[in-house]
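Data block below; observations after.
Just so you know, all these numbers are worked out from the coordinates, no wet-lab data involved. These figures come from a predicted structure and were not determined experimentally. Heads up, the Cβs are rebuilt from the backbone with ideal geometry, glycines too, and the neighbour counts pull from every protein chain shown.
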Amino acid sequence: MRSMKRLEAERATCLHGKTGSAPAIEMKNIVVRFEAKTVLDGFSLRLMPGEKLVLTGESGVGKSTVLKCILGFVIPAEGEIFIQGKRLTHDSVWTLRTLLSYVPQEPELGDGTLHEWFRSPFFFRANTSLRNNLDRLPGFLERFSLSQELLHKEVGALSGGEKQRAALISAILLERKIFLLDEPTSALDSKNGKKVLEFLFANPDVSILAVSHDHAFLDEADRVVELSARGGKNAY
Amino acid sequence: MHTEEIGLWALSSYYALLIIPLGLMIWLRIPIIGKTLSAVARMTLQLLFVGFYLQIVFSLNSPWINGLWLVVMVAVADFSIVRGCGLRLRRFLFPLFMALVGGTALPLLVFVGPLLNRPMLMDAQYVIPIGGMILGNCLRADIIGIRSFYEAMNQREKAFLYTLSQGARLHEAIRPYLRHACRAALLPTVATMATIGLVALPGMMTGVILGGADPMTAIKYQISIMIAIFTGTSITVVLAILMSVRGSFGPYGILDPLAFRS
């Protein structure tokens with residue numbers, strides 16, 4: 001009886017979200033074609049506020065494409081995307097991107113030192129009010145096992161794991177409520193991967209849509225959706 | 001001022017010197033003989049045509065005809081830039097034309113007006129050669145700048161998209177690539193200014209000396225034209241890249257592959 005109630009509660013969380021407000025992300029009947037190939041075919045997804053959802057599946061089924069659609073990097077041929085209830089269009093995309101934190105699988109950080117790279121987003125008009133968050137950088141570096149000396153290193157000289165942790169720290173400092181993570185622990189050892197996972201999943205206010213094959217991620221997620229070929233599976 | 005006339009026969013005989021580079025090409029089997037002969041023929045015909053035309057333009061010295069000639073020069077340069085950068089003609093011809101006009105007009109008019117104190121701003125003797133020198137350099141700088149910008153954008157697309165995901169507006173996200181492109185486009189002029197006179201006598205100075213003026217006058221002209229060129233290239237490169245951005249990015253801030261011919 002108790003387990004039935006728990007199941008009901010979990011289902012309600014999945015359907016209506018932890019706060020009962022508009023979905024953090026909603027994708028409706030998304031169709032994405034790259035030339036002749038259909039990558040997503042009528043794909044739908046709903047991520048509720050505070051929910052941690054992991055997309056999994058074979059390579060090439062369109063997992064990363066889902067994230068890129070939400071960011072406005074890939075424009076679907078059909079379908080609609082809503083972020084916190086607001087429709088993603090060419091007008092709203094610039095505002096809606098400021099609600100998202102994206103951590104790519106292999107972050108390319110450009111040029112300059114790591115310190116310059118951490119500072120650069122806070123000079124964008126959308127983030128200037130968050131500039132004080134940079135004071136929290138040393139604490140996060142320590143938490144994610146990155147030394148202070150790395151700040152003076154050129155970003156091009158960082159390892160994949162260091163770049164991935166730097167990208168996660170930057171995403172956290174930008175204080176977004178929705179995290180889009182593309183294999184965020186793929187270049188991390190299990191110890192660092194666990195630290196990242198624990199930190200991200202500990203915050204009940206943050207919604208996470210992650211693409212991952214990491215078992216630790218799959219175990220901790222509220223929901224796991226396996227995408228099949230042609231991306232027809234819905235994640236409602 | 002007096003310039004020594006070159007006779008037609010003397011000039012024709014001077015072409016014989018080309019036997020040396022052509023002979024070297026044959027000996028070393030450098031496969032550009034056809035291209036070289038075609039380039040020499042084009043140079044001769046183009047310059048003859050321009051020579052005849054300029055004789056008429058100079059004798060009339062009408063501000064309207066001189067202005068029109070400048071517009072034609074800008075249009076030809078514009079066409080070369082769009083083609084040279086692999087951009088779509090329809091999308092980029094007008095914005096890059098405006099960038100060239102902006103970059104050329106300001107230093108040219110300041111040169112002929114306040115600097116030389118010419119009573120007529122559109123005096124053929126000044127606006128056409130000086131305008132041509134500024135424009136030629138703008139053309140070269142634009143091609144380097146625009147190509148560098150889009151090459152960097154393509155090579156570092158992931159970093160660019162990542163910047164957009166961090167909340168950057170388009171003008172904020174393109175700034176590192178604009179900086180890189182402007183550096184590439186302006187460095188040759190900066191290097192020229194740093195070594196001018198030491199490595200070779202520059203074109204304008206040589207022309208003024210050959211025209212019979214004393215070297216100090218020639219130097220003043222050369223300094224002025226270098227300032228004009230540097231100002232013109234700076235303005236036109238920044239304007240050209242910024243104006244091309246409007247046609248090359250989609251409304252979501254993503255580079256539109258249809259903006260390029262290849």
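Numbers for the structure displayed
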{"read-out": "Gain in span if fully extended, A:Val31 to A:Glu175, counting 0.36 nm per residue against the direct Cα distance", "value": "48.8 nm"}
{"read-out": "Those residues of segment A:164-182 whose amide nitrogen sits under 16 Å from the label point placed on A:Arg136, 7 Å along Cα→Cβ", "value": "A:166-179"}
{"read-out": "Relative packing of A:172-183, B:51-62, A:190-201, B:9-20, which averages over residues the other C-beta atoms within 10 Å, highest first", "value": "A:172-183, A:190-201, B:51-62, B:9-20"}
{"read-out": "Degrees, to the nearest 10: B:124-155 long Cα axis against longest axis of chain B", "value": "30"}
{"read-out": "Measure of compaction for chain A (Cα Rg per 2.2 N^0.38 Å)", "value": "1.02"}
{"read-out": "0 to 90° range, to nearest 10: angle between helix B:89-110 axis and chain B longest Cα axis", "value": "50"}
{"read-out": "Average partner coverage of A:117-127, which counts Cβ from other chains inside 10 Å", "value": "4"}
{"read-out": "Other protein chain Cβ atoms within 10 Å, averaged over every residue that makes up B:153-164", "value": "5"}
{"read-out": "Of all DSSP beta bridges in chain A, antiparallel share, percent nearest 5", "value": "45"}
{"read-out": "DSSP H segments from chain A that extend 18 Å or more along their own axis, Cα-based, with Kyte-Doolittle mean of 0.0 or above", "value": "A:160-173"}
{"read-out": "Residues with amide H under 5 Å from that of A:Met48, placed H, sequence gap 5 or more", "value": "A:Ala24"}
{"read-out": "Potential lengthening between B:Arg261 and B:Leu11 on full extension [0.36 nm per residue; Cα-Cα distance subtracted]", "value": "85.9 nm"}
{"read-out": "Alpha-carbon centroid distance for the pair segment A:172-186 / segment A:76-103, whole angstrom", "value": "16"}
{"read-out": "Relative contact order (%) - chain A, alpha-carbon pairs under 8 angstrom, separation at least six", "value": "31"}
{"read-out": "Links that overshoot a 23 Å alpha carbon limit, given the list A:Lys163/A:Lys194; A:Lys194/B:Lys158; A:Lys37/A:Lys63; A:Lys68/A:Lys195; A:Lys68/A:Lys191; A:Lys153/B:Lys158", "value": "A:Lys194/B:Lys158; A:Lys68/A:Lys195; A:Lys68/A:Lys191"}
{"read-out": "Paired Rg and Dmax values of segment A:107-236, which use every Cα atom, in angstrom", "value": "15.7, 47"}
{"read-out": "Cut-off 19 Å (backbone N to label point 7 Å along Cα→Cβ of B:Asn154), residues of segment B:224-262", "value": "B:241-242, B:244-250, B:254-262"}
{"read-out": "Interchain or long-range residues, amide H under 5 Å from A:Glu78's placed H", "value": "A:Val31"}
{"read-out": "Spacing of the two label points (7 Å from each Cα toward its C-beta) at B:Met216 and A:Glu106, in nm", "value": "6.4"}
{"read-out": "Stokes-Einstein D for segment B:1-146, Kirkwood Rh over Cα pairs, 10 °C, 1.306 mPa s (µm²/s)", "value": "88"}
{"read-out": "Cα-based Kirkwood hydrodynamic radius, chain B, one decimal, Å", "value": "20.9"}
{"read-out": "Isotropically averaged projected area of the protein assembly as shown, using the convex hull of Cα atoms (one quarter of hull area), nm²", "value": "32.3"}
{"read-out": "Point-to-point label distance, A:Glu226-B:Leu18, nm (Cα→Cβ direction, 7 Å offset)", "value": "7.3"}
{"read-out": "Chain B: angle of helix B:33-60 to the longest principal axis, Cα-based, in degrees nearest 10", "value": "70"}
{"read-out": "Label-point separation in nm, A:Ser186 to A:Lys153, each point 7 Å along Cα→Cβ", "value": "2.1"}
{"read-out": "Calculated from backbone phi, Karplus (6.51, -1.76, 1.60) coupling profile of segment B:18-25 in Hz, x at Gly/Pro", "value": "5, 4, 5, x, 5, x, 4, 5"}
{"read-out": "FRET efficiency estimate (nearest 0.05) - Cβ-Cβ, A:Glu116 to B:Asn117, R0 41 angstrom", "value": "0.25"}
{"read-out": "Residues with amide H under 5 Å from that of A:Phe179, placed H, sequence gap 5 or more", "value": "A:Ser101, A:Ser207, A:Ile208, A:Leu209"}
